[in-house]
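A quick write-up on the structure given underneath.
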Amino acid sequence: MTKKKKIDESSEEQNLKKNEAKAEAEIKLNDSEQNKPDESDNKKYEQLLAQSQEYFEGWQRERADFQNYKKRIERDQVSLKGFVTAEIIKKYLVIIDDLELALKNRPASKDCQGWVDGIDLVYQKLISILEGEGVELIPVNGEFDPNIHEAISQIDHPEFESGTIVEVMRQGYKISERVIRPALVIIAR
């Protein structure tokens, strides 16, 4: 019995080895098949890659659009602030005109000197506040410039050449390069 038992055991071992070899071959075959990408897997990969690239480019465009939007909003806010400031300052320019007229026609009497000094002080304070806001006088010496001057009249004047400012009727003001109010002038013919 021992011989028969040994033969049975050896044939069982051979069968087990054969089965193990078959299983290993199948595993290797399955692994190699799994490692080989199918055409459908390749197409899916290409589609996902293209979609990913499209999403990324869209995200970049949206980000650039948002940056441009922020810059535009900041420019608009600065512009609006300048516009509002100019509109408020225009209202005070009328007061400055009246103060200049009052100082131009100051009374000759010494009794009113305190009043004249008070008006002059108010005028100087108002001018310094406007200068603090960046308001500048428009220059009125020399040639007429239609961008910053407004001619209300032309006169013949022997001392001035044609197109030269003869007299300033109302002072003009600007903030940086923006004209708030043009200077009203009389020019020579």
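The values are calculated or read from the model by the stated rules, or taken from the named source; none is laboratory data. Just so it is clear, the model here is predicted, and its values are computed rather than measured. Using ideal geometry, Cβ is built from the backbone for each residue, glycine included, and neighbour counts are taken over all protein chains shown.
Regarding region 167-177, can at least one residue be identified that is more than 27 Å from residue 91 (Cα to Cα) and aliphatic (A, V, I, L, M)? For region 167-177, residues more than 27 Å from residue 91 (Cα to Cα) and aliphatic (A, V, I, L, M): absent.
Results for (1) of a type in the set (Ser, Thr, Tyr); (2) touching a strand residue (DSSP E or B) at 6+ places or on another chain (Cβ under 6 Å); (3) surrounded by 13 or more Cβ atoms within 10 Å (Cβ to Cβ), shown as yes or no for each residue.
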| residue | (1), (2), (3) |
| --- | --- |
| 79 | yes, no, no |
| 82 | no, no, yes |
| 100 | no, no, yes |
| 111 | no, no, no |
| 126 | no, no, yes |
| 132 | no, no, no |
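You will find that of 153, 176, the residue that is out of contact with any helix residue (DSSP H, G or I) (no Cβ under 7 Å at 6 or more places or on another chain) and on the phi > 0 side of the Ramachandran plot is 176 and no other. Of the residues that make up region 162-178, is at least one part of a helix (DSSP H, G or I), in contact with a Phe, Trp or Tyr (Cβ under 7 Å, 6 or more places away or on another chain) and crowded, with 16+ Cβ neighbours inside 10 Å? The answer is no; no qualifying residue exists.
Can you tell which of 147, 141 is loosely packed, with under 12 Cβ neighbours inside 10 Å, in a loop (DSSP other than H, G, I, E, B) and either modelled with pLDDT of 85 or more or touching an Asp or Glu at 6+ places or on another chain (Cβ under 7 Å) (or both)? Of 147, 141, the one residue that is loosely packed, with under 12 Cβ neighbours inside 10 Å, in a loop (DSSP other than H, G, I, E, B) and either modelled with pLDDT of 85 or more or touching an Asp or Glu at 6+ places or on another chain (Cβ under 7 Å) (or both) is 147. Residue-level check: of (1) hydrophobic (A, V, I, L, M, F, W, C); (2) farther than 18 Å from residue 171 by Cα; (3) surrounded by 10 or more Cβ atoms within 10 Å (Cβ to Cβ), residue 89 misses just (2).
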